[in-house]
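The values are calculated or read from the model by the stated rules, or taken from the named source; none is laboratory data. Here the structure is a predicted model, which means the values were calculated and not measured. Because the Cβ atoms are built from the backbone with ideal geometry, glycine has one as well, and the counts that use them run over all protein chains shown. Just the protein is used for accessible areas: all its heavy atoms, side chains included, with ligands, DNA and RNA removed. Shrake-Rupley method; radii C 1.70, N 1.55, O 1.52, S 1.80 Å.
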Amino acid sequence: NGGAIDPKNLKVKLVLLGDSGVGKSCIVLRFVRGQFDPTSKVTVGASFLSQTIALQDSTTVKFEIWDTAGQERYAALAPLYYRGAAVAVVVYDITSPESFAKAQYWVKELQKHGSPDIVMALVGNKADLDEKREVTTQDGIDCAEKNGMFFIETSAKTADNINQLFEEIAKRLPRPTA
Ligand code: GDP
Ligand code: MG
């Protein structure tokens, strides 16, 4: 599943899925570089960025983060992208019900075609835009619960809950037994 054998130093492939414009690249950039640039057309590109985090039990988790360069528009390419992923982060924009519907589509796809032990997170991004909110927090909670996913609302702009997202994912990874 993309996990390395050393149980103290995990290496995992993480993919981001979700509508174009929901903030996937901004989440990655915030997590990996601590930056938010509202003007640049952020595209991490075809390959991946990596970031390692340390957990309390001295385990480290190296995330190899695959961001799309807009291929989210081509559903047929998706299986190539999430093949072998240990983690899928499905992102929607809390101001966009369409993006929430699309997130639910991706969850179903991953359940059908993803690795059986994939860890999935549902992320409601742009939480700083609360005055434009159109997807309630409860809608997110219900969807995640129904699908056995971890749920969190984030803002790549303010950095709210970005590190928490990746820490919670790390805690939920299946541990290889030594
Ligand atoms: P992607 O297509 O899913 O990778 O989306 P991007 O990361 O390129 O972001 C799309 C747009 O949303 C950009 O204009 C970002 O500046 C903006 N954006 C991303 N995250 C946030 C956020 O948390 N809050 C706000 N207000 N805007 C965001
Ligand atoms: Mg992007």
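Structural remarks
- Computed magnitude of the charge dipole of segment 85-136 (debye, nearest 20; Cβ of K, R +1, Cβ of D, E -1): 180
- Segment 58-178: relative contact order as a whole-number percent, Cα under 8 Å and 6+ apart: 23
- For the chain, size of Cβ-based charge dipole, Lys and Arg +1, Asp and Glu -1, in debye: 600
- Evaluating kT/(6 pi eta Rh) at 4 °C and 1.567 mPa s, with the Kirkwood radius of segment 64-178 over Cα pairs in the Stokes-Einstein relation, gives 88 µm² s⁻¹.
- Taking all protein chains as shown and a probe of 1.4 angstrom, Ser115 keeps an accessible surface of around 20 Å².
- Relative intensity, log₁₀ I(q)/I(0), of segment 84-133 from a Debye sum that treats every alpha carbon as a point, q = 0.20, 0.25 Å⁻¹: -0.66, -0.87
- Probe 1.4 Å, all protein chains present, accessible-area order of Arg175, Arg83, Arg30, largest first: Arg83, Arg175, Arg30
- Interchain or long-range residues, amide H under 5 Å from Ala85's placed H: Ser115
- For Met149, residues with placed amide H under 5 Å, excluding near neighbours: none
- In order along segment 127-141, the Karplus-derived 3J(HN,Hα) couplings, from 6.51 cos²θ - 1.76 cosθ + 1.60 at θ = phi - 60°, round to 4, 5, 8, 4, 5, 10, 4, 10, 10, 6, 4, 4, 4, x, 4 Hz, and Gly and Pro are given as x.
- Using a probe of 1.4 Å on the protein chains alone, the accessible area found for Lys157 is around 110 Å².
- Between the beta carbons of Lys112 and Gln56, assuming R0 = 35 Å, the FRET efficiency works out to 0.50 to the nearest 0.05.
- Estimated D of segment 113-178 in µm² per second, where Rh is the Kirkwood radius over Cα pairs and Stokes-Einstein applies at 37 °C, 0.692 mPa s: 249
- For Val135, nonlocal amide neighbours, meaning residues 5 or more places apart or on other chains whose placed amide H falls under 5 Å from its own, are Ser96.
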